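Novice: Encoded as structure tokens, here's the structure I'll be asking about.
Here, each number is a calculation from the coordinates, and none is a lab measurement. All of these numbers come straight from a predicted model, not from anything done at the bench. Backbone-built Cβ (ideal geometry, glycine too); neighbour counts: all protein chains shown.
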Protein chains: 2
Amino acid sequence: MHDLTLEDIARMAGVSPSTVSRVLNNLVGTRSKAREQVLKVLAETGFQPNAAARSLASQRSQVIGLLIPAPASTILHNPAVLQLAEVVTQACHERNYLLSLFLLGSDTDEQQILPKITRKGFVDGLIVRGADDRASDPLLHRLSDSGMPFVSFGRPIDLDTISYVATDNATAAYTAIAHLLTLGRRRIALLVGSLEPYASQERLTGYRKALTDRGVPVDEQLIAVAGMSDGYGATRRLLRHAPDAIFLPTRMALDVLRVLREANVRVPDNIALIGFEDLPLAQQTDPPLTAVSQPMGAIGKHLVGMLLDIMENGAEPPRRLLFPQELLIRQSCGAMRTS
Amino acid sequence: MHDLTLEDIARMAGVSPSTVSRVLNNLVGTRSKAREQVLKVLAETGFQPNAAARSLASQRSQVIGLLIPAPASTILHNPAVLQLAEVVTQACHERNYLLSLFLLGSDTDEQQILPKITRKGFVDGLIVRGADDRASDPLLHRLSDSGMPFVSFGRPIDLDTISYVATDNATAAYTAIAHLLTLGRRRIALLVGSLEPYASQERLTGYRKALTDRGVPVDEQLIAVAGMSDGYGATRRLLRHAPDAIFLPTRMALDVLRVLREANVRVPDNIALIGFEDLPLAQQTDPPLTAVSQPMGAIGKHLVGMLLDIMENGAEPPRRLLFPQELLIRQSCGAMRTS
DNA sequence: TTGAAAGCGTTACCAT
DNA sequence: ATGGTAACGCTTTCAA
């Protein structure tokens, strides 16, 4: 017993394949008896059309892909990626697209796997999480060459032909630092994993500007680079320069808190903390971490909206969208001190 | 200028479409000059065959799907899911399949989206992360009905027709508790998020058996249920019964450690800790957490291998595979005390 | 080894 | 509103 095809359904319903196809795609004007009949057979059989045949004939798969460059280190330490996946998935479903996630584990993957993903007839468009830890992202170049419509989450550095949605890290940093200044902090440190990512540069910019605007001198000793994993060492070094606040990557919060505990420095009394991003971890630390947060729901909707726009109207001119971020005040910066 | 098709390539290379197809699929015995010619044109044009057409004609998409039931709460708190995705992706790539990840955010998704995923011509098979927090998983039933080949990661409770790979939580718990007993602990507590998941039941079984086997009485007061998020409260309550060790969900490590710190109970001197699973978090806590670990790499390979086997040879009889787990000894249980 | 041609299961155009 | 039929771009069988 072979699988049912649309023709079988047509026969069973006593109509032509065309009619079944129309019913399946809701393309029938009035509700005729033919339609009713088809609907009945459809329900009885639980028929689902063959996806490949449909894609081939219609030249659309109704699938959008989300590309995630994921050397284990990156993704496992970055729950934000998951959140992106969730909101984009949701946004796609709302617009009647299916979302497929693809993990590109290595550079090899990018060369072997990416071409299979960008093949025509597979997905209709792609959303990419820009690898913002490289000045030039080869992935984006490859995508441009592939001809597949796509948008980037994160600002591409060296290509101004790419459509993207990004968040404004400079302003976010400015806001965070300004908040700390308002709370009376003066020796505010900036801790980053690396200075290379564009995001880090933006934060540094916002950091400097906030201080300068208020006439607080920038002490270069208070700008620390942790490297990918050693938040512990970097914080210890930082402590020698007596900061009274640290603007840090949220994922390093545990390391930082441990150093402070060992040094008997109390949060937020002796030192205030604000995290770059709002990971679940921020709510679990002791004290809970004040953090900068991105409006991920809206970002997801706009990524999908922008992509559909490009799929329909072409990639020219490139679209750009910069989202503001928000400061979520918790206990680590002392703003909620009951005093 | 329309996209190139295989016929175009054939024309350009002066051969028939069949020949191009054969070269594309490495189906040519000897290396003839025709083959060379095609290869040259292929390289020059960067031609990629249309995925839909290929799937339709060959009745295979060379794509495997990984289904992740992901109400935000679950996935965001469960980095283990990411690890699963990574190892399965890797295993698929090694066997020349593409892996697509699908997030099923809600029950609605399962009803709206799942049928699109199980349509013929879309993916060739599915791997599902069994939602082990429900006694009966409707998703697995739906999949069974769909006719799509699939395997589950995690043991299905109420269906013995399903092929799966799982890990042996009972033995793992037994090992962990035995280790604590060896270290001289006697009042060993078991903390779980909920008792419902099958995994919890298995751990409880192993816990009881380990104690009983050594003649240590089971104190029911030392078995605590935290609920999804309140590890803090549960640990405080637990503390009233003076445990000298806790076997806990690793994701609750921060909460537990906070309570202990507040109560001036030192780890591992006064209390030993072992986590259920080996999340990245386990290495970041202070002290680093001894934890039970699953051989994820091997699990990924076997999931894919089992699925391919089913795709080729049918789902009967169901395959089953139970993996042992390993105890990763770090500082939180005192086994490495330098004394 | 290579080519011709018949599908694969839809959609969409053109009639009716 | 419905049916007939030609694509869609590839794989695969059968001959040569």
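Novice: Within the group B:S18, B:S32, which residue is over 26 Å from A:S144 (Cα atoms) and within 7 Å of DNA strand D (Cβ to nearest atom)? Walk me through it before giving the result.
Specialist: Details: B:S32 fails: within 7 Å of DNA strand D (Cβ to nearest atom).
The match here is B:S18.
Novice: Step by step: first the residues of region B:41-52, then only those that are more than 22 Å from B:P115 (Cα to Cα) and at the interface with another protein chain (Cβ under 9 Å from one of its Cβ atoms), then the one that is farthest from the chain's Cα centre (by Cα). Which residue is that? Working first, answer last.
Specialist: To start, the set of residues in region B:41-52 that are more than 22 Å from B:P115 (Cα to Cα) comprises B:41-50.
Imposing the further condition that a residue be at the interface with another protein chain (Cβ under 9 Å from one of its Cβ atoms) reduces the set to B:46, B:48-50.
Working: B:G46: 36, B:Q48: 32, B:P49: 33, B:N50: 32 Å.
Going through the qualifying residues, I end up with B:G46.
Novice: What residue, of B:A51, B:A43, is exposed (fewer than 12 other Cβ atoms within 10 Å of the Cβ), more than 8 Å from DNA strand C (Cβ to nearest atom) and small (G, A, S)?
Specialist: Just one listed residue meets the conditions, B:A43.
Novice: Within region B:53-65, can one find any residue that is more than 30 Å from B:E110 (Cβ to Cβ), outside any loop (DSSP other than H, G, I, E, B), within 14 Å of DNA strand D (Cβ to nearest atom) and away from every other protein chain (no Cβ under 14 Å)?
Specialist: Residues of region B:53-65 that are more than 30 Å from B:E110 (Cβ to Cβ), as a first pass: B:53, B:57.
Next cut, outside any loop (DSSP other than H, G, I, E, B) only: B:53, B:57.
If we keep only those that are within 14 Å of DNA strand D (Cβ to nearest atom) too, we end up with B:53, B:57.
Next cut, away from every other protein chain (no Cβ under 14 Å) only: none.
Taking every residue of region B:53-65 in turn, none turns out to be more than 30 Å from B:E110 (Cβ to Cβ), outside any loop (DSSP other than H, G, I, E, B), within 14 Å of DNA strand D (Cβ to nearest atom) and away from every other protein chain (no Cβ under 14 Å).
Novice: While we're here: Before we move on, is A:E44 farther than 24 Å from B:M148 by Cα and acidic (D, E)? Steps first, please.
Specialist: On the way: farther than 24 Å from B:M148 by Cα: no; acidic (D, E): yes.
Spelling it out, it is not the case that A:E44 is farther than 24 Å from B:M148 by Cα and acidic (D, E).
Novice: Among the residues of region A:83-123, what is the count of those that are facing chain B (nearest Cβ under 7 Å) and part of a loop (DSSP other than H, G, I, E, B)?
Specialist: Of the residues in that region, 6 qualify.
Novice: OK, next. Residues of region A:197-217 being closer than 18 Å to A:A172 by Cα and in a loop (DSSP other than H, G, I, E, B), which ones? Please lay out each step first, then the result.
Specialist: As a first pass, look at region A:197-217 and keep what is closer than 18 Å to A:A172 by Cα: A:197-214.
Scanning region A:197-217 gives A:P197, A:R214.
Novice: Collect the residues in region A:1-22 that are surrounded by fewer than 14 Cβ atoms within 10 Å (Cβ to Cβ), more than 14 Å from chain B (Cβ to nearest Cβ) and within 7 Å of DNA strand C (Cβ to nearest atom), keeping them in residue-number order.
Specialist: A:E7, A:S18
Novice: Let me ask something else about it. Since B:L307 meets every condition but one in (1) under 20 Å from B:D230 (Cβ atoms); (2) touching a residue at least 60 places away in the same chain (Cβ under 8 Å), which condition does it not meet?
Specialist: Condition not satisfied by B:L307: (1).
Novice: State whether one or more residues within region B:258-278 are of a type in the set (G, A, S), out of contact with any Phe, Trp or Tyr (no Cβ under 8 Å at 6 or more places or on another chain) and under 22 Å from B:S152 (Cβ atoms).
Specialist: No, that holds for no residue.
Novice: Got a sec? Which strands (runs of 3 or more DSSP E) wholly within region B:247-339 have at least 3 residues that are crowded, with 21+ Cβ neighbours inside 10 Å?
Specialist: On the way: elements: B:272-275, B:290-293, B:320-323, B:326-328.
It comes to B:272-275, B:290-293.
Novice: Taking only region B:170-196 into account, find how many residues are of a type in the set (A, V, I, L, M) and outside any helix (DSSP H, G or I). Please lay out each step first, then the result.
Specialist: Step one: list which residues in region B:170-196 are of a type in the set (A, V, I, L, M), which gives B:170, B:172-173, B:176-178, B:180-181, B:183, B:188-192, B:195.
Okay, now just the ones that are also outside any helix (DSSP H, G or I), so B:183, B:188-192, B:195.
Residues in region B:170-196 being of a type in the set (A, V, I, L, M) and outside any helix (DSSP H, G or I): 7 in total.
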